[in-house]
1. Give the range A:150-199 a look and list any residue that's within 9 Å of chain B (Cβ to nearest Cβ), loosely packed, with under 15 Cβ neighbours inside 10 Å and touching a strand residue (DSSP E or B) at 6+ places or on another chain (Cβ under 7 Å), or say none.
2. Anything in the range A:350-387 that is free of Cβ contacts under 8 Å to residues at least 40 places away in the same chain and either at positive phi or at the interface with chain B (Cβ under 9 Å from one of its Cβ atoms) (or both)? List them, or say none.
3. Go over the candidates B:Val333, B:Val320 one by one and state the one that is part of a helix (DSSP H, G or I), over 30 Å from A:Lys477 (Cβ atoms) and within 12 Å of chain A (Cβ to nearest Cβ).
4. If I ask for residues that are at the interface with chain A (Cβ under 7 Å from one of its Cβ atoms) and either over 18 Å from B:Lys110 (Cβ atoms) or not in a strand (DSSP E or B) (or both), which ones from the range B:196-205 would you list?
5. Here is a check on your reading of the model: is B:Phe339 out of contact with any helix residue (DSSP H, G or I) (no Cβ under 6 Å at 6 or more places or on another chain), free of Cβ contacts under 8 Å to residues at least 24 places away in the same chain and surrounded by fewer than 18 Cβ atoms within 10 Å (Cβ to Cβ)?
6. Is it fair to say A:Glu214 is surrounded by fewer than 19 Cβ atoms within 10 Å (Cβ to Cβ), in a loop (DSSP other than H, G, I, E, B) and facing another protein chain (nearest Cβ under 10 Å)?
7. Those residues that are surrounded by 14 or more Cβ atoms within 10 Å (Cβ to Cβ) and either at positive phi or not small (Gly, Ala, Ser) (or both), I need them from the range A:89-113; list them, please.
8. Going through the range B:39-78 one residue at a time, which ones are buried (at least 20 other Cβ atoms within 10 Å of the Cβ), assigned to a strand (DSSP E or B) and not acidic (Asp, Glu)?
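The values are calculated or read from the model by the stated rules, or taken from the named source; none is laboratory data. This is a predicted model, so every value here is computed, not measured. Quick reminder, even Gly has a Cβ in these numbers, built from the backbone with ideal geometry, and neighbours come from all protein chains shown.
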Amino acid sequence: MKFKILFVVLLTAGAVYYIYPLKEKINLGLDLQGGIHMVLQVEMKDAMTAELDNSKSNMESVLKDEKIDVTQVKAYPEKLEIMVSGVPADKVKKAEKVFDDYMSRFNVSDDGDGAYTLSLKSVAMKEIRKQAMRQALITIHNRVDAYGVSEPIIQRQGLESNRIVVELPGLDDPTRVKKSLSEPGWLEWRLLAAPNSFKSKADVLAAGNGKLPEGTALFPSEPRGKAGTVVWYLVKDRVELNGNDIKTARRSSDQFGSPNVAFTLNQAGVTKFSRVTTEHRGERLAIILDKKVVSAPSINEPINTPNAQITGHFTIDESEDLAIKLRSGALPAKMIFLEERTVGPSLGRDSIRKGVRAAAMGLIIVMIFMLFYYKVAGINADLALTLNMLYLLGGIAYFHATLTLPGIAGFILTIGMAVDANVLIFERIKEELRNGKTPKSAISAGFSKALSAVLDGNITTLIAALFLFQYGTGPVKGFAVTLSLGIIASLFTAIYVSRWFFDLRLELTPNVKKLSI
Amino acid sequence: MKKEINIFGARKIAVTISLLLMTISVIIISVMGVKRGVQFVGGSEIQVKFKDPVNIADLRDTFKENGFSHATIIQITGQNEFIIKLKGKAGDETAKGSKVSQRITEIFRKVSKEEKTSLFDLNKTNTTDLAYLMKTANPLKIDETQMVGEKRTVYDDIADKIVQVRSDKGDFFDSIDEALALVSQPEVKAFLKKSCMLGSYIKLKEDTFSPSISSEQTEKAILAIVMALAAILVYVSIRFKFDFAVGAILALVHDVTITLGMFVLFKQEFTLPVVAAFLTIVGYSLNDTIVIFDRIRENLKIVKTVPLDQVINTSVLQTVSRTLLTSLTTLFVVVVIFFFGGLALKGFSFPLLVGIIVGTYSSIFIASPVYYFVEEHFYKEK
């Protein structure tokens with residue numbers, strides 16, 4: 001008995017601890033706090049087509065270098081294939097070697113008569129898909145950062161899907177957000193005006209008597225580490241290269257296997273890059289994406305070819321991210337908007353007000369009814385119901401579940417459903433009393449005999465809630481969560497806590513002849 | 001046994017009434033059709049509130065003039081608020097969709113006679129946008145490293161306060177000075193004064209769903225309801241005998257059909273929360289049935305010689321008070337949600353209201369007769 005009391009007291013204390021203060025501990029859904037919810041889809045077809053075009057032009061230049069004259073090289077984006085035809089009979093071996101060396105992402109099949117079909121391997125498709133998703137996620141993160149949204153949610157919907165869920169609390173203009181998400185990244189390469197970075201903006205200004213040196217600009221780095229430290233770079237105004245000059249970039253590794261970033265320039269890019277690397281050897285170039293410096297490599301040697309590398313102490317993830325950032329200067333795979341919901345700031349507040357009012361009214365009505373109908377035993381039920389509400393809120397806070405408008409409805413519904421178990425048990429006790437049992441044995445029989453019906457009834461509701469959770473998105477999921485937690489809490493309070501109250505009463509008045517129920 | 005009311009004897013009448021109601025429901029559903037919400041048909045739904053009264057006819061005309069002849073517009077009774085529904089078209093998910101949204105903004109501006117300026121709208125803004133405006137201009141000259149990422153600043157507090165007060169006084173400021181009175185810092189005050197204006201309408205809500213995702217949602221919703229029904233059937237047949245399960249499931253089908261019929265008859269709109277309500281009915285309306293079945297099972301163990309119909313009748317009578325009481329407490333709160341929970345929850349609570357009443361009736365009058373019928377016709381020989 002003492003152990004039971006301790007358990008209930010501890011649990012209640014725990015619940016109170018988790019929900020106090022309520023305003024900070026309960027996560028409100030976007031429908032209650034206002035904001036934008038979007039579901040975007042990354043168009044994988046774009047990413048595949050880009051890969052195909054890239055491989056095709058790459059192969060063409062290699063074939064040309066190797067002096068293999070073919071009649072035609074054609075890409076079929078819908079089939080994800082490249083067809084090569086008219087390979088001269090004497091160059092077949094050489095051509096096949098080119099395919100093996102340079103087209104490792106493709107399966108090669110010999111169609112006879114010097115014709116070949118190169119089809120994209122499924123492993124490669126998976127890789128491309130993964131990269132495109134990562135690029136989209138990083139781009140969205142970067143753009144959203146600019147709005148200063150607190151606690152944005154940007155995540156892939158499911159593990160394998162092409163969809164991304166974006167939730168931006170506190171914003172109210174979806175058109176502007178959409179526009180900024182679908183624009184290509186703003187990527188610039190500029191020479192550093194001072195060889196090292198600065199700790200703060202003030203340091204730079206102090207060095208120049210409160211002004212930036214002529215012909216320079218100041219950009220922050222991306223926040224680094226957990227503390228989000230930012231350093232500042234002083235760069236020249238002149239833009240040496242921009243996003244359009246870079247054809248592609250990918251994670252690669254040097255001869256020792258340490259990760260680096262390889263990128264390919266287009267014709268215009270090569271000219272510009274060759275000039276800047278020759279004239280400014282030894283200086284540093286800042287790579288600025290969306291007004292933040294993502295990297296500032298030194299120029300080690302003049303580069304006159306389309307292919308170049310950025311080396312450094314990268315981890316694999318870092319090099320992958322940098323490659324994505326270099327690529328995002330050009331248009332990434334297109335994103336389409338499947339779903340957009342915007343809730344203005346006032347509607348959510350209004351919903352909360354009305355929801356809280358309805359919950360209070362429901363609670364009062366049910367409590368008064370239980371008191372009226374069950375007299376003293378009604379106090380049992382009401383206490384159990386109060387604890388139930390407390391545990392439900394505690395559960396929502398503990399699991400970091402989000403309270404949505406349907407969630408509030410689920411909460412109110414729980415008030416009505418939670419006493420059901422009490423009703424079933426009390427009615428059974430009454431019945432046992434009518435059959436002439438003493439209060440003590442009637443209580444014990446009432447609880448044990450009503451148990452199976454109580455459990456079965458609640459489990460079926462729980463099953464329905466689970467399917468709802470699995471099916472639902474955002475707001476509806478919130479409903480399923482509150483309903484499920486409410487059912488579990490009500491089972492506990494009705495079977496365990498309310499029993500304990502009865503036992504307490506019996507202990508206080510052991511020889512009671514009549515039970516007020 | 002003493003003489004008791006023969007509630008079970010009324011089963012033939014009850015079943016006839018139910019069959020009739022179900023038939024009528026099916027006819028209503030197939031003739032009138034389920035009115036699906038924007039999530040399930042694709043398109044946009046905008047809830048807008050104007051500062052000054054706007055005539056609904058004017059609003060309709062302006063929409064028509066601007067090429068939105070397919071827009072449905074309804075006014076929220078007694079309010080200066082409107083809900084506008086636009087059917088979706090393929091391609092809305094791309095940049096074209098933004099243009100539609102811009103055109104609608106123009107319409108609202110015209111109807112509410114809002115000036116077009118490049119100033120920041122203090123009536124429409126939400127907290128993050130307002131805080132961002134101040135952060136970029138930084139009139140207090142806060143060190144920028146203090147404003148990186150998610151760090152809270154004094155600007156966030158000012159923005160929260162302004163939006164909170166505006167919402168408490170009914171969504172609109174009457175003058176800029178009224179809003180500025182909430183700001184104590186003179187630099188911020190001066191900055192807001194020169195860069196803000198007050199708009200004369202706000203969008204309370206705007207939902208857009210592309211046609212492709214909406215058809216997917218429809219399929220998923222149907223699947224969820226069917227799967228839940230199947231899972232419950234499995235559970236009930238494990239816990240009870242199969243003949244009980246048939247009774248329970250037919251009672252459920254009965255409840256869902258009649259509720260849907262009423263739902264369509266009262267021109268309610270099928271939205272995502274309504275799916276939640278229907279699934280709740282599926283789970284909940286079974287509770288009462290289980291209580292009765294549980295009692296029948298218990299009584300069958302005690303009395304072996306009494307005919308089945310009499311056992312059922314006794315069991316129903318023994319449990320009728322709790323069946324009614326449990327439904328009543330839940331009904332209390334559903335009624336409260338329906339009348340006081342606000343517009344958004346009205347559509348959700350309507351099916352629950354109908355479902356709980358129908359579910360209680362079917363527990364008493366439908367589930368047991370079906371069980372009796374199955375038992376008498378398929379199991380009696382054993």
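1. A:Glu151
2. Matches in the range A:350-387: A:Asp350, A:Arg353, A:Lys354, A:Arg357, A:Met361, A:Ile365, A:Phe369, A:Tyr373.
3. Residue meeting the stated conditions: B:Val320.
4. Of everything in the range B:196-205, those that are at the interface with chain A (Cβ under 7 Å from one of its Cβ atoms) and either over 18 Å from B:Lys110 (Cβ atoms) or not in a strand (DSSP E or B) (or both) turn out to be B:Leu204, B:Lys205.
5. The answer is yes for B:Phe339.
6. Taking the combined requirement at face value, the residue does not satisfy it.
7. Correct list: A:Lys91, A:Val92, A:Lys94, A:Glu96, A:Val98, A:Phe99, A:Tyr102, A:Met103, A:Arg105, A:Phe106, A:Asn107, A:Val108.
8. If the condition is that a residue be buried (at least 20 other Cβ atoms within 10 Å of the Cβ), assigned to a strand (DSSP E or B) and not acidic (Asp, Glu), then B:Gly43, B:Ser44, B:Ile46, B:Gln47, B:Val48, B:Lys49, B:Phe50 are the ones that fit.
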